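Undergrad: Pasting a structure below so you can have a look.
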Amino acid sequence: MLKIEHLAWALPEGEEIIKDVSLEAGEGKVVVITGPNGGGKTTMAKLIAGIEKPSSGKIIFNGEDITHADVTERARKGIAYAFQQPVRFKGLTVRDLLELAADEPLDEAGVCRYLGQVGLCASEYMHRELNASLSGGEIKRIEIASVLARKAKLSIFDEPEAGIDLWSFSRLVETFQDLRRTCRGTLLIISHQERILNIADEIVVIANGYVRAAGAAKEILPTLLANEKAAICPLGKE
């Protein structure tokens, strides 16, 4: 499904953020990327989505080299991305956004299906504009719903827990679990949350621009939790 080979990326002034990252995400898997802040996790997500371009290395998706493909091309090939800080669209309603994502008209039941997965009531939100009247948490949940509506081959979620309340977070974890059981698409989630790490098939730890650990969640997660309880950081220095 997704294969990253020796990827690197640097800021315009030359500071290397991603130094040498290789990883794989198989079809139908839930892969969680975790690690310390500033280690390169969000940058990796943006590189995969095509928002940033690598300095070197390759990105292979479904056997095709998409390293130089732009965001639109990658979206057409089945890659969806949910921003850590979602954008707002003046004049566009929630229903409009979900219909664009689903690429088909949606009745109220269809809108309710996607909004319900992120803890929102369709009757309250479907006609609202995606503007400043929505809180950060609301707009975040709506964007996640739009990614779910895409039914993408690869869905990337950058810290989906940020800005949403505990109940909605619990519902979101249940949604990820449902997707894992019912669809063939791959979920790539950037997160520190233990509940999300617990539903992963595979965990990748990125720190200082390198992969520090990667493998089956049942092997990686116990070492992360053990070191956390011991108050020792297993991820390398910042």
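Undergrad: Being touching a residue at least 24 places away in the same chain (Cβ under 8 Å), over 18 Å from Lys46 (Cα atoms) and not β-branched (Val, Ile, Thr) is the filter; apply it to segment 196-217 and report the residue that is surrounded by the most Cβ atoms within 10 Å (Cβ to Cβ).
TA: For segment 196-217, the residue satisfying everything is Ala200.
Undergrad: Would you check which residues across segment 25-58 are over 19 Å from Glu202 (Cα atoms) and among the aliphatic types (A, V, I, L, M) and list them?
TA: Within segment 25-58, Leu47, Ala49, Ile51 qualify.
Undergrad: Among what's in segment 128-150 and is basic (Lys, Arg) and touching a Gly at 6+ places or on another chain (Cβ under 7 Å), pick the residue that is nearest to Gly39 (Cα to Cα).
TA: Out of the qualifying residues, it is Lys140.
Undergrad: Looking at Ala102, Ala69, which is the one that is over 14 Å from the mean Cα position of the chain (by Cα), more than 24 Å from Thr175 (Cβ to Cβ), crowded, with 16+ Cβ neighbours inside 10 Å and aliphatic (A, V, I, L, M)?
TA: None of the others qualify; the one that does is Ala69.
Undergrad: Any residue that is in contact (Cβ under 8 Å) with a residue 60 or more places away in the chain, among the small types (Gly, Ala, Ser) and outside any loop (DSSP other than H, G, I, E, B) - is there at least one of those in segment 113-134?
TA: no
Undergrad: Another one. Just the residues that are surrounded by fewer than 14 Cβ atoms within 10 Å (Cβ to Cβ) and at negative phi, please, taken from segment 21-54.
TA: Hits for segment 21-54 are Gly26, Glu27, Asn37, Lys53.
Undergrad: Quick one: in segment 149-162, which of the residues that are farther than 9 Å from Ala80 by Cα and of a type in the set (A, V, I, L, M) is surrounded by the most Cβ atoms within 10 Å (Cβ to Cβ)?
TA: So the first thing to find is which residues in segment 149-162 are farther than 9 Å from Ala80 by Cα, and the list is 149, 158-162.
Narrowing the set further to residues that are of a type in the set (A, V, I, L, M) leaves 149, 162.
Details: Ala149: 24, Ala162: 16.
Among them, the one singled out is Ala149.
Undergrad: Name the helices (runs of 4 or more DSSP H) wholly inside segment 141-238 in which the number of residues that are at pLDDT 90 or above and within 16 Å of the chain's Cα centre (by Cα) is 2 or more.
TA: Where helices (runs of 4 or more DSSP H) fall fully within segment 141-238 and carry at least 2 residues being at pLDDT 90 or above and within 16 Å of the chain's Cα centre (by Cα), they are 194-197.
Undergrad: Scan His6, His68 and give me the residue that is out of contact with any Leu (no Cβ under 7 Å at 6 or more places or on another chain) and in contact (Cβ under 8 Å) with a residue 24 or more places away in the chain.
TA: After applying the criteria, what remains is His6.
Undergrad: Consider segment 39-89. How many of its residues are among the aliphatic types (A, V, I, L, M), at pLDDT below 95 and closer than 17 Å to Ser22 by Cβ?
TA: Of the residues in that region, 2 qualify.
The values are calculated or read from the model by the stated rules, or taken from the named source; none is laboratory data. All figures in this text were calculated on a predicted structure; none of them were measured in a lab. Using ideal geometry, Cβ is built from the backbone for each residue, glycine included, and neighbour counts are taken over all protein chains shown.
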